[in-house]
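The values are calculated or read from the model by the stated rules, or taken from the named source; none is laboratory data. Just so we're clear, the structure is a prediction, and the values are computed from it rather than from any experiment. Here the Cβ positions follow ideal geometry from the backbone for every residue, glycine too, while neighbour counts run over all protein chains shown.
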Amino acid sequence: MRFKNFLFNFLLVNTTIIGDYVVFNSKYSDSQLFRAIADSIVHASIGFLSSLIYFTYNHNTSVPIHINVFICTFVSSFIDVDHFIAAKSIYLKDALNLNRRGTLHCTTLWILITLPLLLYSIIMRHLNIYTTTLMLILAYSSHHIRDGSRRGLWMYPLGHTEPLNKTVYLFLTITIPNVLGYVTNCYSINLMRNSGGVIHL
């Protein structure tokens, strides 16, 4: 597990750095279609690797890992669909030339969605709901932090923060899945001990 954790962290760092370069600084970056597709792939890849890092800490085989990895990967990229919703258009040019951010890019909204789910799962001892909620947290946080390196975080009603420093951006991207994975492992072990080995799935 230690080797896997190291490998996935290494891949995550390189995906973040190289992915941003390819999207914004490569010879193809002038193409809106290329940037949109590459950006979505990078978001999905970061979500995918973040979920894999998370599960290197989790040894509970009752949690459906593949499904949760898919959820994290999909949501990490799907968030950008709100560009089209905000633009009220199916055309890429309209979606990429908005003067405002879509609703799914509001960090406050995701906190309001995931915090009650997290509290419910802890109170009711539902490990699957707990894990899936953390996949949503990993998905939106990785997406928002990456976008935040250019535009800041949208914390309604407080407004937008300053763009995140590159070092802070990389640090948060790497730290969050590791911290959540470690905390979940401690939580599941404690849950098993206090429930006599029986937990709600």
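Return yes when Ile174 is closer than 23 Å to Phe74 by Cα and modelled with pLDDT of 95 or more and no when it is not. Yes.
Is it the case, given these coordinates, that Leu98 is more than 22 Å from Ile174 (Cα to Cα), without any contact (Cβ under 8 Å) to a residue 24 or more places away in the chain and part of a loop (DSSP other than H, G, I, E, B)? So Leu98 fits the description; yes. Within the option set Val23, Val75, Val42, Val81, being assigned to a helix (DSSP H, G or I) and surrounded by fewer than 20 Cβ atoms within 10 Å (Cβ to Cβ) holds for one residue only, Val81.
Could we say that Tyr140 is aromatic (Phe, Trp, Tyr), part of a helix (DSSP H, G or I) and at pLDDT below 95 here?
For Tyr140, the condition - aromatic (Phe, Trp, Tyr), part of a helix (DSSP H, G or I) and at pLDDT below 95 - is not met.
Of all residues in the stretch 150-171, none satisfies the criterion of being in a helix (DSSP H, G or I) and buried (at least 20 other Cβ atoms within 10 Å of the Cβ). Taking into account only those residues within the stretch 9-51 that are among the aromatic types (Phe, Trp, Tyr) and without any contact (Cβ under 8 Å) to a residue 12 or more places away in the chain, which is nearest to Lys166 (Cα to Cα)? Of everything passing the filter in the stretch 9-51, Tyr21 is nearest to Lys166 (Cα to Cα).
Looking for whichever is out of contact with any Asp or Glu (no Cβ under 6 Å at 6 or more places or on another chain), at pLDDT 95 or above, part of a helix (DSSP H, G or I) and surrounded by fewer than 19 Cβ atoms within 10 Å (Cβ to Cβ) here; the options are Ile53, Ile17. Which one fits? Among Ile53, Ile17, only Ile17 is out of contact with any Asp or Glu (no Cβ under 6 Å at 6 or more places or on another chain), at pLDDT 95 or above, part of a helix (DSSP H, G or I) and surrounded by fewer than 19 Cβ atoms within 10 Å (Cβ to Cβ).
Could you list, in sequence order, the residues of the stretch 87-116 that are touching a helix residue (DSSP H, G or I) at 6+ places or on another chain (Cβ under 7 Å), surrounded by 13 or more Cβ atoms within 10 Å (Cβ to Cβ) and more than 23 Å from Thr133 (Cβ to Cβ)? Residues satisfying the conditions are Ala87, Ser89, Leu92, Asp94, Ala95, Leu96, Leu98. Does any residue of the stretch 84-105 turn out to be out of contact with any Ser or Thr (no Cβ under 8 Å at 6 or more places or on another chain) and among the acidic types (Asp, Glu)? So far as the stretch 84-105 goes, yes, one or more of its residues are out of contact with any Ser or Thr (no Cβ under 8 Å at 6 or more places or on another chain) and among the acidic types (Asp, Glu).
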